[in-house]
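Q: I have a structure I would like to understand better, so I am pasting it below and will then ask my questions one at a time.
The values are calculated or read from the model by the stated rules, or taken from the named source; none is laboratory data. Just so you know, these numbers come straight off a predicted model, no measurement behind them. In this analysis, Cβ positions are derived from the backbone assuming ideal geometry, glycine residues included, and neighbour counts consider all displayed protein chains.
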């Protein structure tokens with residue numbers, strides 16, 4: 001099988017980074033708003049939540065109709081909107097206008113995030129592998145963004161971190177021209193490559209991604225308090241997260257190499273079990289050594305898991321509509337995680353958080369397994385399905 005076009009992969013990766021930068025850098029954005037505009041935790045969280053909500057709503061809204069338009073044109077319009085909104089946010093001193101600009105930025109970023117997933121699903125022969133490349137790039141980019149972002153936030157508050165986001169967006173914007181200027185009707189993937197799945201499978205995949213990301217984000221959002229419970233200070237936790245991002249390359253690399261060689265069921269079971277063990281270790285033990293190992297393992301598992309979840313969505317629809325919707329599911333789960341974790345910790349403590357994360361992960365795994373099984377059945381050739389049915393009938397007789 002020929003390799004996927006490099007230009008598509010590079011252009012889609014640029015759209016992925018621009019679209020996902022704000023969720024990745026949200027801790028610095030919140031801290032910068034608190035320092036630069038003297039906003040409370042509630043108001044700062046409100047501003048970031050507006051942007052994340054705009055991201056998710058835009059990705060959800062655009063997903064069904066995205067294949068009808070030129071991916072390149074949608075990307076260019078979206079990046080212009082994001083850049084204008086970033087500039088307005090940097091110089092805004094009013095909470096109301098800041099909320100408006102962040103919502104506009106979220107709309108542009110959400111469109112780019114959806115494009116990055118949809119163009120891969122519709123144009124690449126092996127979406128799972130390309131989604132693995134995304135995670136490799138994220139692991140590398142995150143180290144640089146965390147380091148520079150912390151320094152700029154400390155020096156210039158919210159204007160520093162927003163300027164960094166705008167600068168990276170501006171640098172990557174020309175690469176979006178590598179995205180194809182056509183609709184998702186190209187013949188890069190034939191009908192034999194995948195079955196056209198029913199909407200129910202798409203809904204179950206959407207729910208599985210939301211649930212898994214909710215549990216993952218719940219642990220990530222409280223990684224600092226968990227570290228303090230284990231006896232580490234905030235600076236030490238920052239170092240642990242930076243090291244974890246570097247080692248997280250291993251997870252992305254394994255996902256890219258292994259790909260779907262063993263199918264999707266085994267890798268999804270593997271990272272689900274791994275995340276359950278990580279959640280139990282972080283929430284139930286207070287050892288610094290256990291914390292460091294568990295946090296590093298959680299990042300490795302995260303980078304390993306995302307390509308398979310996005311790849312499962314890409315397998316549902318040859319036009320990439322469910323792949324684009326998967327981006328919305330990711331963002332919704334990412335936004336819901338801290339809310340769920342905070343509520344659970346307030347009522348049942350960290351032991352309760354461990355139990356909830358285990359239950360949510362089990363539910364996500366169950367939904368994913370059902371989708372995989374039904375896809376395997378619907379994707380079988382008619383003659384094979386007939387043979388299977390006849391064997392079942394014969395055995396019953």
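Q: Let me confirm something: among 56, 105, 85, which residue is under 30 Å from residue 264 (Cα atoms), crowded, with 20+ Cβ neighbours inside 10 Å, in contact with a helix residue (DSSP H, G or I) (Cβ under 8 Å, 6 or more places away or on another chain) and outside the structural domain of residue 301 (by TED's automatic domain parsing)?
A: After applying the criteria, what remains is 56.
Q: Is there any pair linking a residue in segment 314-334 that is free of Cβ contacts under 8 Å to residues at least 12 places away in the same chain and assigned by TED's automatic domain parsing to the domain that holds residue 125 to one that is surrounded by fewer than 24 Cβ atoms within 10 Å (Cβ to Cβ) and in a helix (DSSP H, G or I), with Cβ under 6 Å and at least six apart or on different chains, and which?
A: none
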